Structures are given as structure tokens and as C-alpha cells.
1. Could you tell me the calculated FRET efficiency between residue 204 and residue 660, based on Cβ-Cβ distance and R0 = 41 angstrom, to the nearest 0.05?
2. Given a Förster radius of 25 Å and the C-beta distance between residue 163 and residue 132 as r, what FRET efficiency does 1/(1 + (r/R0)^6) yield to the nearest 0.05?
3. Which one, 101, 122, 72, projects farthest toward the positive side of the charge dipole computed for the range 68-128 from Cβ point charges (K/R +1, D/E -1)?
4. Quick one: order 375, 574 by neighbouring beta-carbon count within 10 Å, fewest to most.
5. Treating the beta-carbon of each Lys and Arg as +1 and of each Asp and Glu as -1, no other charges, what is the dipole magnitude of the range 699-762 about its Cα centre, to the nearest 20 debye?
6. What's the long-distance tail for the range 179-263, i.e. % of Cα pairs beyond 15 Å?
7. How high is the relative contact order of the range 658-763? Use alpha-carbon pairs under 8 Å, at least six apart in sequence, and give a whole percent.
8. Would you please give the residues with an amide H less than 5 Å from that of residue 155, counting only those at least 5 places away or on a separate chain, with H modeled from the backbone geometry?
Amino acid sequence: MQLNNIYEISRKLNIPDEFIEPYGKYKAKIDLKYNDFLKEKNDGKLVLVTAITPTKAGEGKTTTTISLLDGLNAIGVKTIACLREPSLGPVFGLKGGATGGGKVTIEPSEDINLHFNGDFHAITSANNLISAIIDNYIYQGNELNIDPNKVVWKRAIDMNDRTLRDITIAQGSKANGIERKDGFIITVASELMAVFCLAKDEDDFIERVKKIIVAYTYDNKPVTVNDLKISNAIRKLMLEAFSPNLVQTQNHSPCLVHGGPFANIAHGCNSIIATKMALKLADVVVTEAGFGADLGAEKFLDIKCQEASLNPSLVVMVATIRALKMHGKQDINDLEKENIEALKKGTDNLKQHLENIQKFGLNVVVAINHFATDTENEINFLKNWCKENNYKVSFLDGYLLGADGSKELSYLVKEELQKELPEVDLFISIKDYVHFADELNKVIKNKKFTGELCNNRRIVSTQPFTAYLKISEGCNNCCTYCAIPLIRGHFRSFKEEDLIKQAQDLASRGVKELVVISQDTTRYGEDLKNTDICKLLKELLKIEGFEYIRLLYLYPDEISDELIELMGKEEKLTPYFDIPVQHASSNVLKRMNRRGDEEFLINLFKKIKQKVPSAILRTTLIVGFAGETEEDFNTLKHFVQEIKFDHLGAFTYSREDGTVGYNLPNQIDEETKIRRYNEIMEIQQKISRENNKKRIGQVQKGLIVGFSEEKNAYLVRSMFNAPDEIDGNIYCYGEEEYSLGDKIYFEVIDSDDYDLYGKIINK
């Protein structure tokens with residue numbers, strides 16, 4: 001194995017040599033001063049690697065992380081990894097090294113595992129300086145009045161040496177100090193290590209350290225590090241440690257290894273300093289969290305992401321068939337034997353971890369670290385299990401094959417990341433449009449752009465038969481939970497003639513479904529002369545080629561009788577009423593700065609149903625908003641039961657920086673939010689099941705939008721369901737072959753809680 005000089009690795013990241021401090025040929029520290037040159041760069045995407053509950057059978061988070069790092073770089077995605085530094089305790093213990101294995105390791109692995117670049121030594125020394133100063137204060141007259149029996153700060157050593165956990169110090173001569181009980185902790189379990197990895201920079205670290213309580217006085221007053229007056233000495237000891245360590249994989253992929261708190265004691269993640277720097281250096285950053293997803297991943301999301309304002313784009317859940325069988329009660333000595341039943345039972349552990357991650361609103365894929373003892377039957381079972389439960393899965397053989405063994409996973413991760421905004425080359429604030437030309441020129445130069453810059457034609461990034469028509473920008477409602485007015489500005493309608501031209505162009509290109517959207521669709525035209533939403537819709541209806549015109553995001557108190565009647569009588573205009581009401585209690589609505597109450601909303605939806613019997617009703621709700629009482633929540637439940645929505649989406653309230661709601665009193669705890677969310681969704685599940693049953697026997701028009709291999713049926717979109725799978729699916733069976741966008745008629749023959757099943761009648 002031939003490693004590259006560390007300067008070659010740093011140059012891949014476009015780091016000037018002057019900011020690289022080499023520690024030999026193959027490892028280096030990156031000067032934090034380089035951050036000043038990275039401030040204006042956009043962050044890359046963050047991918048978290050986590051795992052099922054650890055077993056002695058092994059899962060391989062670090063191996064998977066390094067495999068994915070090498071694999072993504074191999075397929076052309078500029079990627080860097082962020083990992084923890086290994087501790088000598090686990091290295092010489094049961095777990096062994098922490099630099100990967102086989103053909104996917106970070107190098108030089110022995111240096112990293114044993115004597116890295118001095119970070120742990122610095123933390124250990126700073127920790128023990130505090131201990132020494134405490135005992136010196138006690139010995140030298142005890143100016144701080146420290147009670148020797150109430151010293152809570154322990155010494156540290158980077159080794160598992162259980163004989164030092166509880167000791168007596170200062171035995172013998174009085175010159176040795178005041179005798180007291182003490183002990184050693186392993187460095188990675190120290191408070192300094194945790195603080196080090198949560199600090200944003202050197203100053204932040206020192207300010208956090210100053211607040212640490214190390215002892216109590218005889219009268220039970222806390223003594224802090226600040227009281228010891230050694231902050232500058234700690235800063236000097238830690239000075240070099242703040243700079244992230246740069247190393248490489250066998251395949252010469254760059255990796256930052258920095259910090260190493262235990263996940264069972266602290267938060268189990270590498271430093272914020274390294275992660276934030278990495279996000280500026282690459283398009284994708286792969287990192288990992290210690291232990292299983294219910295410990296390490298949740299600490300990563302609840303602690304590190306909150307402290308550093310990080311937003312992961314994807315989570316990779318690592319498992320092995322061996323470990324899953326062990327969770328299914330197969331004996332560790334029999335794991336090489338095929339056991340489908342144990343594997344099936346073990347998937348309960350995998351499923352729980354996956355569901356936990358999804359509760360954070362994150363997309364997750366499954367990575368199965370492949371072992372030679374995995375049988376074909378076991379592999380097929382696990383693949384089918386993932387497919388049946390709607391999880392993307394990939395097997396990887398990075399250990400044996402290096403980057404080639406992880407290409408499948410790498411392409412899967414790349415595909416999932418691209419789903420977010422694949423067509424975007426530049427992000428710019430709405431308020432900064434004045435600088436758009438300058439910023440665009442920078443993008444063009446970096447991409448060495450040649451050809452026509454703009455032909456003023458709308459780019460369609462959706463399936464060719466469907467397209468969105470955005471009719472306005474911004475919002476004037478100023479709901480207290482929402483940051484849209486802060487981000488997108490005040491409400492302003494686009495000119496009717498421009499929208500009509502755009503729609504005509506879309507129809508001429510084969511678009512059959514036009515989805516009319518904005519932040520507040522019903523308000524369209526109030527800032528223009530001689531137009532409104534109804535007039536615009538009438539003009540759109542004149543355009544030939546559209547099978548459906550659908551409206552989304554209708555503000556309840558702006559829905560006119562004219563609009564209801566228009567949606568009821570025009571065949572091409574789907575009677576799909578998407579009305580996000582957020583709540584039904586007048587008390588909560590007032591705190592949200594929304595108008596209306598339960599009575600108004602019930603009357604509105606009943607009026608819609610009366611005038612348009614075929615109307616499809618959809619809404620979104622927020623539970624757990626600040627000050628929401630059980631009485632308020634009961635009002636909401638009654639409202640849902642009364643209206644019986646066809647589709648309903650609910651969210652637990654999440655505080656948005658800069659909004660009025662962020663600082664409102666009586667914030668609701670997360671446990672209560674989740675309970676209320678579950679209650680609402682249980683009610684809606686029953687309603688949806690009954691609504692769907694009533695549709696059996698109905699004949700509807702639809703468009704072919706895909707094919708389900710799992711159901712062996714066409715995916716169809718009708719007036720029942722909106723694009724992008726925000727509602728349930730419609731699966732239709734037919735004997736003929738159909739293409740995407742084909743118009744068909746189908747009869748509903750069956751249903752379940754959220755999906756419909758139909759038989760295609762004709763083309």
C-alpha cells in the first residue's frame with residue numbers, strides 16, 4: 001500500500017500549503033485560520049452513518065463510513081469523512097482499532113490508533129492540571145475553602161486501568177498534600193473531551209470550561225475552573241489540539257479525525273470544529289455516531305446538530321445479517337449457520353432504529369455489511385424485508401473489495417441526496433436578487449460554462465407529463481410559527497399574462513397535469529389590477545392539452561363561493577381542496593396569528609361538500625404549539641372527527657428561529673407533542689379507511705405515473721391524490737401496456753387504510 005504525501009491530499013481539498021502543518025509525511029493539522037477563507041462557501045451535504053444495537057457479532061459503522069467515503073469519491077462525488085480519534089482503552093480492549101479494516105482503512109492506521117497528533121495528550125494534561133491545582137489550593141492554605149471530601153473532578157488517563165478508578169492520594173508525608181479519595185477516568189470519558197468536541201472554536205471552549213464545577217466548599221458552594229484562575233494555562237496546553245487532523249484512506253480519500261468522546265457517557269461524535277470545516281471543503285461529508293442509533297444517532301441529532309446548527313441530508317443505517325440473527329436469539333457460536341427465523345426476529349431491532357430516525361424527519365437507507373457466511377436465502381429475505389417496508393437497501397463488500405465493494409451503496413446515497421434539489425447550482429436569498437448577476441457569473445466561471453446562457457424557457461424537472469405553476473411569491477399572513485415571510489418576503493403576484501404564456505408552453509410540451517401553487521394561492525391577484533384566482537383559472541382552462549388543473553395551499557378565509565362553484569363545475573379543474581388549517585381551537589389559532597375558529601372551519605368544509613359532493617378534502621395540522629392545552633387538543637380531535645378529511649397530514653410544532661412563536665411562553669414538551677400527534681393520526685387512519693371503502697365500485701379518470709414492482713401494478717394519479725406521494729397511492733391492474741402520462745379509466749375494486757386498488761377499464 002502506497003500512501004500519498006499529505007500535501008497531495010490537502011490539495012485535493014484546495015487547501016493552500018501554508019495552512020497545512022505536517023506531522024510526518026502522511027498526516028497533518030489544518031490551521032484554523034483557513035476558516036476565514038471558507039466563510040463565503042456553501043456547505044456540502046451531511047450524511048450520518050449509524051447502526052443497529054451493537055453485538056459481539058459486529059456491525060461495522062467505521063468500515064461502512066470509510067467504504068462510503070471511497071465509493072462516493074470513486075463515482076465522482078467530492079467527499080470527505082469526519083471520524084473520532086481512537087482511544088487506547090478500546091484499542092487494547094475488546095473493540096480493537098478504530099480505523100476500519102481490510103481494504104477500507106484510514107492511514108497511517110497504527111499512528112492514528114496509538115500515538116496520533118497529540119490531541120488526547122493535550123486533553124489529558126489539561127484535565128490533570130485542573131486536578132493538580134485543586135489539590136494545591138487545598139494544601140496551600142485552601143483560599144477557596146474547598147472541602148476535600150467534595151472534590152468531584154477526577155484525574156484522567158487514556159487507558160482502561162480499573163485499578164485506578166478509586167484510589168487514595170497524598171498518602172504518607174504531609175508534604176505530599178492532603179490525603180483524600182480520588183480516581184482516574186479514561187480521557188475520552190472526561191468532561192473536557194465532551195466540551196472539546198462541542199466547542200465551536202478556542203474561545204468557546206475556554207468559556208465552557210470556565211463554568212465546569214470541580215468541587216464544593218465546606219458550606220456547599222460550587223467551585224468552578226474559573227475560580228482556579230488557570231484558563232490561560234489550559235488554553236496554552238490545548239492550543240494545537242483545536243486544529244483538525246487530516247489523514248487519508250488506502251484509496252487516498254481525505255478524512256478529518258478529531259476528538260473522541262464515548263457515546264455511552266458523552267455524545268459520541270467527532271468535533272464540531274472538524275465537521276463544520278469539512279462541510280466547506282467538500283460536496284458531501286460522511287460522519288458517524290457511536291453505539292446504536294437509539295444512543296449515538298439521537299445524541300448526534302439532539303446535541304451536536306443543535307449546538308452546531310447542522311442539518312443532515314441522509315442517514316445510513318448499518319447492520320449485518322450476523323448481528324440481526326444474534327438479535328433474533330441465535331447463539332453467537334452458531335451465526336455461520338443459516339437461520340431465517342432468527343433473522344426475521346432480528347429485523348425488529350432494525351425496524352425500531354429506522355422508525356426512530358424517521359421520527360426526526362430524516363430519510364434513511366439500509367447498508368448491510370456483507371459477510372462470506374451470509375447465505376443466499378438470508379440475503380434475499382433481508383432484501384425483500386427492506387422492500388416490503390419501503391426501505392432502500394444495499395449490500396457492501398468494502399472490507400474485501402475497497403471502493404468497488406461500496407459502489408452500489410454510493411450510487412444509492414448519491415441518488416437520495418440528488419432528490420433534494422438536483423438542478424440547483426446557486427442558492428441566493430430572495431432579498432439578494434440584486435446580486436444575482438454577480439453570483440451567477442461566479443457559478444459560470446467555476447463550471448467553465450459555454451453556450452447559451454438563457455432562452456427564457458421554463459425548465460421542467462418533474463416527470464414530463466406534470467408540472468407546477470407558481471403564481472405568486474412570499475406571504476403577508478405572518479403566522480407566528482412560520483418563517484416564510486422572513487425568507488421569501490411579502491406577498492406579490494406574478495403577472496397573469498406571463499403565467500398564461502408559461503402554461504401554454506408547458507401544454508405544448510406534453511404536460512397533462514398542471515399544479516397551481518404558491519404560499520397563499522387564494523390570495524392571487526389582490527396586488528394586481530383586473531385579476532384574481534378565479535379569472536386566472538378560467539384563462540388556464542382555455543388552454544388545450546391539460547387533463548387536470550389542480551390547486552394547492554388554499555388559505556381558508558380567502559376561499560370564495562365563486563372559487564368553490566368553479567372547482568365543482570369544471571371537469572378539468574380537480575375538486576381537490578387542499579386547505580391547511582393548522583388547528584381548530586380559537587385559542588391556538590389566535591396564538592398562531594390565524595383567523596377563524598372551529599365553527600367557521602366546520603361551516604366552510606360543510607359548505608364545500610354541499611356545493612361540491614365529489615370534493616376531496618385535505619388539510620395539515622400542527623400539534624403541540626406553544627400554550628396548546630388538553631382542551632385545545634380535544635377541540636382539534638373533535639374537528640377532525642367531524643369533517644372526516646380524505647387526506648390529513650400532521651406535524652409536531654418545531655420552533656423556527658426569528659419567528660414570534662419561538663419565544664412564546666408555555667412551550668410543549670416533546671413527549672406530549674408526540675402523544676398528541678399519534679392520537680390525531682390514529683383518528684385519521686380510521687377515517688381514511690372508511691372513506692376509501694366508500695370508493696369501492698366508483699369509476700374514475702387517472703394518469704399513469706409509474707409502475708410498482710412490489711404490487712405488479714400501475715401507479716395512477718386521479719383527482720383523489722396529489723403529486724409527490726403526499727397522499728395515499730392508487731394501484732391499478734391492467735392487461736395492456738401503458739406509458740407514463742397515459743390517460744386511463746379505472747374502477748376501484750379494493751382499499752386499505754390509505755391506498756386504493758383499481759382495475760383499468762380502458763385506455
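Readers should treat all values here as calculations from the given coordinates under stated rules, not as data from a laboratory. Here the structure is a predicted model, which is why all the values come from computation and not from measurement. Here the Cβ positions follow ideal geometry from the backbone for every residue, glycine too, while neighbour counts run over all protein chains shown.
1. That pair, residue 204 with residue 660, gives E of 0.90.
2. On the way: r = 21 Å, r/R0 = 0.83.
With R0 = 25 Å, the Cβ-Cβ based efficiency is 0.75.
3. Of 101, 122, 72, it is 72.
4. Working: 375 15, 574 23.
Least to most surrounded, the residues fall as 375, 574.
5. Values: 5 positive and 14 negative charges, 66 e Å.
In debye, rounded to 20, the range 699-762 gives about 320.
6. Details: 2433 of 3570 pairs.
Result for the distance tail: 68 percent.
7. On the way: 170 pairs, mean separation 28.4, N = 106.
Answer for the range 658-763 is 27 percent.
8. Counting only residues 5 or more places away or on other chains, the set is 183, 185.
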